[in-house]
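First the structure, in the form of structure tokens, and then the observations on it.
The values are calculated or read from the model by the stated rules, or taken from the named source; none is laboratory data. Being a predicted model, the structure only gives us computed values, none of them experimental. Cβ placement follows ideal geometry from the backbone for every residue including glycine, while neighbour counts extend to all protein chains displayed.
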Amino acid sequence: MTPTDQSANIGKVFFIGAGPGAPDLITVRGAKLIKSADCIIYAGSLVNVRLFEHCNAPLHDSSPLHLDEIVELMVTTCENGGNVARVHTGDPSLYGAIKEQMLKLDEHNIGWEIVPGVTSAFGAAAALGVELTLPEVTQSLIITRRGGRTPVPELEALSELAAHQATLMIYLSVSMIEDVVTELIQGGYREDTPVAVVMKATWPDEKIVGGTLSDISAKVKQEKITRTALICVGRVFGEKPFKTASKLYDKQFSHSLRSGQQD
């Protein structure tokens with residue numbers, strides 16, 4: 001349901017991406033909506049509560065609530081003319097479970113809007129100081145997770161995705177790091193493929209563990225990392241992955257905005 005479909009005296013729900021952790025990595029739009037909200041529902045410890053330091057609205061941690069309880073909070077607020085900031089970690093479109101919430105809101109004729117955020121994949125890339133798509137190394141980024149209590153489609157198993165040799169950013173899987181490594185090697189990644197595990201990217205207690213598929217499991221276990229971490233796999237995370245400069249700024253490469261020069 002689009003925001004314009006609702007009655008003028010009924011509030012709206014904004015699904016807001018809070019970013020990976022650092023409170024100043026939220027978008028300007030998201031910050032303004034949180035500050036002006038009449039009710040804030042946020043995704044537990046995954047969202048930095050410093051985002052709400054200057055807010056007067058009641059705060060609700062959604063981690064102990066089930067779907068109907070969350071929707072009831074939203075509907076009650078909106079039917080009383082208030083707006084709801086539904087704050088998710090990173091970007092709400094990734095593993096945010098927002099579709100089921102939006103469908104419920106549609107049933108109640110409550111308008112909603114999505115405000116994008118910076119996902120932890122890009123927070124991790126920044127922390128590592130890497131470019132995820134290097135010329136002649138890889139031009140593809142796969143964001144995925146390993147199947148656990150919640151399965152993934154058969155064709156999206158890590159062993160299948162590994163065949164592409166792309167940059168992999170694996171969410172929600174660090175507790176299964178040994179299985180992740182096994183499946184990636186079975187799928188075609190070499191044991192010396194660079195890996196970085198970034199825990200709580202952009203938070204004050206951010207931790208980075210680097211290695212290869214051959215030793216990353218032991219290193220992660222030694223650091224006792226079991227959650228809120230991203231597994232980053234691919235040659236772009238190596239010490240010397242750079243092969244060639246892009247054509248974008250090559251003086252001999254012409255495009256619609258620049259003529260190429262000959263030496």
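Listed values, structure above:
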read-out: Pairs, first without any contact (Cβ under 8 Å) to a residue 60 or more places away in the chain in the stretch 188-214, second in a loop (DSSP other than H, G, I, E, B) and small (Gly, Ala, Ser), C-beta under 8 Å, six or more apart; value: Glu191/Ser214; Asp192/Ser214; Thr193/Gly234; Pro194/Gly234; Pro194/Gly238
read-out: Hits in the stretch 126-144 (condition: more than 22 Å from Asp215 (Cβ to Cβ), of a type outside the set (Val, Ile, Thr), at pLDDT 95 or above and buried (at least 17 other Cβ atoms within 10 Å of the Cβ)); value: Leu132
read-out: Condition met for Leu168 (aliphatic (A, V, I, L, M) and in the same structural domain as Val49 (by TED's automatic domain parsing)); value: no
read-out: For Ala97: the one exception among (1) outside any strand (DSSP E or B); (2) in contact (Cβ under 8 Å) with a residue 12 or more places away in the chain; (3) of a type outside the set (Phe, Trp, Tyr); (4) closer than 30 Å to Asp38 by Cα; value: (2)
read-out: One residue from Val87, Val115 being closer than 23 Å to Leu33 by Cβ, in contact with a Ser or Thr (Cβ under 7 Å, 6 or more places away or on another chain) and surrounded by 21 or more Cβ atoms within 10 Å (Cβ to Cβ); value: Val115
read-out: Residues of the stretch 65-87 classified as in contact (Cβ under 8 Å) with a residue 40 or more places away in the chain and either β-branched (Val, Ile, Thr) or not assigned by TED's automatic domain parsing to the domain that holds Leu103 (or both), total; value: 3
read-out: Residue list for the stretch 31-56, restricted to those being in a loop (DSSP other than H, G, I, E, B) and either outside the structural domain of Gly96 (by TED's automatic domain parsing) or surrounded by fewer than 19 Cβ atoms within 10 Å (Cβ to Cβ) (or both); value: Asp38, Ala43, Glu53, His54, Cys55, Asn56
